[in-house]
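This report refers to the structure that appears directly beneath it.
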Amino acid sequence: MTRQAFIAALLLGAAPAFAQTAEQKLDALDTRITRLEDTNQIERLQRLYGYFVDKGQWTQLSELFADDATLEIGGKGLFVGKKRVLEYMQTAFGPDGAREGGLANHMQFQPIADVSTDGKTGWIRSRAWVMSSGGWGLPLYEDEFVKENGTWKFKRESGPFTMYSSWEGWGKNALNNTWPDKFNPAPDLPPSTIYLTYPAYYIIPFHYPNPVTGKVFMPETDEVGAYAAPPGTPLQEKWRKTGRLVNGSQPIYTPPKD
Amino acid sequence: MSAHRIIAAALMLCLAVPSFAQVDLAGRVAAYKQRVQLIEDQDAIENLQATYGYYFDKGLWDQAAALFTRTGRFEYGQRGVYVGPARIQKAMLLFGPQGLAAGHLNTHMMLQPYIVVAKDGKTATARWQGMMMLSKPGANGVWGVGLTNADYVKEAGIWKISSLHFYVTAQTDYDLGFTKSALPVEGPSALFPPDNPPTVQYRSFPGAYIPPFNFDHPVTGKPLKDIPEPVDTVTGRGAK
């Protein structure tokens, strides 16, 4: 083969490979764009959930959930399925709609959304800042989402409380976590985790690793409690052992790394 | 045949052979470009509204009013509608002097955006959550919260606010809180009356009102604008 023929063969040989590479590049681009769209949509779902809570739009809220989704808020236990989510909301908080004298803003902030490599499952860690007629509140969320026929929906909502207080403020007042029979309806399953709220202390596991070290941060699983006194003191030892995790029936997954 | 001519011939072959693939690739690139454009548009709108908030916080009325279109509409609580940047800028003086002054706190946070960009990329709508931390000289601090419904339009490649409606939801004295204090919203100014009366009559807390959802439900696809309004015993709205 002459040098010139070799060059031509090389170019011709390279051509299909080049075209294939372009397709592959576009496939990769598609994946990246889809990922941005997916995390965006997950953030929007979480925000809209908050807007519906603000105005007591329980039917609209329940429509954000997949048919087999679960919901767990505070210490109330698990509600299984979209219908039960709606029943819970309407029984516990009244029929759809806002009411005079009521303010129940659950403002949704600070979302960290992720999507699985196959693009079918999503997660979010985010917070609500509650400003209500009753006082202040700080729920956290570690929620899971599922993409069904191209539409993202809540698959699991896990919303442990950090702190609730009256308008006296958290310097003077703190409400206990809720519990399964605090108000109707009764949950379908007991709480996945037993924990206490402020002034006690609980960290719901993160669905993602530390973005810099790449290591998964695991909160203590056998002891969670308050920082209530100097370390080593009997009071602190007592508080440290307050609010043990039970074996969760709803594990928090770490999405696979690309 | 020189090497150049061989390369040229080879390149022509390359281009000629996969014509279907070329068309397909061009189509894909165009589709992706549009999807990225919509994401960029949403980001630009998020920045636009956040920028509006930063200007409004500090009494930079000239800067804030410049973000509106020529026929842009500004409506705050029950104060009525002001139309056009010049009128909007003047109306904002009702919140304090340009650049504010000692004793003023005018923080209106722009949070929790739900932005929907039209498929054609020319218009958009958004809903925003707005915490307020307010103060005026000689008065106690105020906690507040409200919702913004806004419309945007892209003019010559730049997103602008075509309509901004801030619904004050609730305001309370800093020290008392909502258990003990509910501050009413202000009505239209006698000093500088609006161009149009309020587009809707509503009371802030303890009144209940749902600013219309200006987008469709993302799962059911059904409009949310017809969500029933709660009963208001003063205005009579919603009463059967």
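Each of B:141, B:109, B:171 was placed along the dipole of the range B:83-219 (beta-carbon charges, centred on the mean Cα), and the one lying farthest toward the positive end is B:109. Considering all alpha-carbon pairs of the range A:60-137, what whole percent are spaced by more than 23 angstrom? Value for the range A:60-137: 31 percent of Cα pairs lie more than 23 Å apart.
Computed from the alpha carbon atoms alone, the convex hull of the protein assembly as shown holds 220 Å³ per residue. Calculated translational diffusion coefficient of the range A:15-240 (10 °C, 1.306 mPa s; Stokes-Einstein with Kirkwood radius over alpha-carbon pairs) equals 82 µm²/s. The dipole here belongs to the range B:19-240: it is taken about the Cα centre, uses +1 on the Cβ of Lys and Arg and -1 on the Cβ of Asp and Glu, and is about 260 debye.
Within the same chain, aspartates and glutamates fewer than 8 places from residue A:153 are excluded, and of the rest, those with a Cα less than 13 Å from its Cα are A:38, A:43, A:63, A:67, A:68, A:143, A:144. Along the range A:202-213 the Karplus relation, 6.51 cos²θ - 1.76 cosθ + 1.60 evaluated at θ = phi - 60°, assigns HN-Hα couplings of 9, 10, 6, x, 7, 7, 9, x, 3, x, 9, 7 Hz to successive residues, with x for each Gly and Pro.
At q = 0.13 Å⁻¹, work out log10 I(q)/I(0) for the range B:19-240 with the Debye formula, treating every Cα as an identical point scatterer and leaving solvent out; two decimals please. Log10 of I(q)/I(0), two decimals: -0.81.
Phi angles across the range A:76-93 convert, under the Karplus curve 6.51 cos²θ - 1.76 cosθ + 1.60 with θ = phi - 60°, into 3J(HN,Hα) values of 6, x, 9, 10, 10, x, 4, 5, 6, 4, 5, 4, 4, 4, 6, 6, 6, 10 Hz, Gly and Pro given as x. Note on residue A:21 and residue B:36: with the Förster distance fixed at 25 Å, the Cβ-Cβ geometry gives a FRET efficiency of about 0.75. For the range A:110-234, the normalised intensity computed at q = 0.12, 0.14, 0.22 Å⁻¹ comes to -0.60, -0.80, -1.39 (log10 of I(q)/I(0), Debye sum over alpha carbons, equal scatterers, no solvent). If you plug the beta carbon distance of residue B:175 and residue A:233 into 1/(1 + (r/R0)^6) with R0 = 35 Å, you get a FRET efficiency near 0.50. A cut-off of 5 Å between modelled amide H atoms, ignoring neighbours fewer than 5 places along the same chain, links residue A:57 with A:97. Projecting the Cα atoms of B:218, A:184, B:54 onto the charge dipole of the protein assembly as shown, computed from C-beta unit charges around the Cα centre, puts B:54 farthest toward the positive end. Give me the one-decimal Kirkwood hydrodynamic radius in Å for the range A:101-144, with the sum taken over alpha-carbon pairs. By the Kirkwood definition, the hydrodynamic radius is 11.7 Å.
From the phi angles alone, apply the Karplus equation (6.51, -1.76, 1.60; θ = phi - 60°) to the range A:178-192 and give each ³J(HN,Hα) in whole Hz, x where the residue is Gly or Pro. With the stated coefficients, the range A:178-192 comes to 6, 9, x, 9, 5, 8, 7, x, 6, x, 7, 9, x, x, 6 Hz. What dipole magnitude, in Debye to the nearest 20, does the range A:22-94 give about its Cα centre under +1 on Lys/Arg Cβ and -1 on Asp/Glu Cβ? Charge dipole of the range A:22-94: 300 debye, to the nearest 20.
Placing unit charges on each Cβ (+1 for Lys and Arg, -1 for Asp and Glu) gives the protein assembly as shown a dipole about its Cα centre, and among A:49, A:111, B:207 the Cα reaching farthest toward its positive end belongs to A:111. Using 0.36 nm per residue and subtracting the Cα-Cα separation, the extra length available between residue B:29 and residue B:54 on full extension is 5.3 nm. In terms of distances greater than 24 angstrom between alpha carbons, the cross-link table entries B:58/B:136; A:25/A:155; A:25/B:122; A:83/B:222; A:83/A:182; A:55/B:160 yield A:25/A:155; A:25/B:122; A:55/B:160.
Distance between the pseudo-spin-label points of residue B:199 and residue B:233 (7 Å out from Cα toward the beta carbon): 3.0 nm. For the protein assembly as shown, a simple Cβ point-charge model (Lys and Arg +1, Asp and Glu -1, everything else neutral) yields a dipole of about 580 debye relative to the Cα centre. A simple spin-label model places pseudo-atoms 7 Å from Cα toward Cβ; at residue A:182 and residue B:66 they are separated by 5.1 nm. Would you mind estimating how fast the range B:173-240 diffuses translationally, via Stokes-Einstein at 20 °C and 1.002 mPa s with the Kirkwood radius over Cα pairs, in µm²/s? Rounded, D is 144 µm²/s.
Here, each number is a calculation from the coordinates, and none is a lab measurement. None of the values given here were measured: they were computed from a predicted structure. Here the Cβ is made from the backbone with ideal geometry for all residues, glycine too, and neighbour counts use every protein chain on show.
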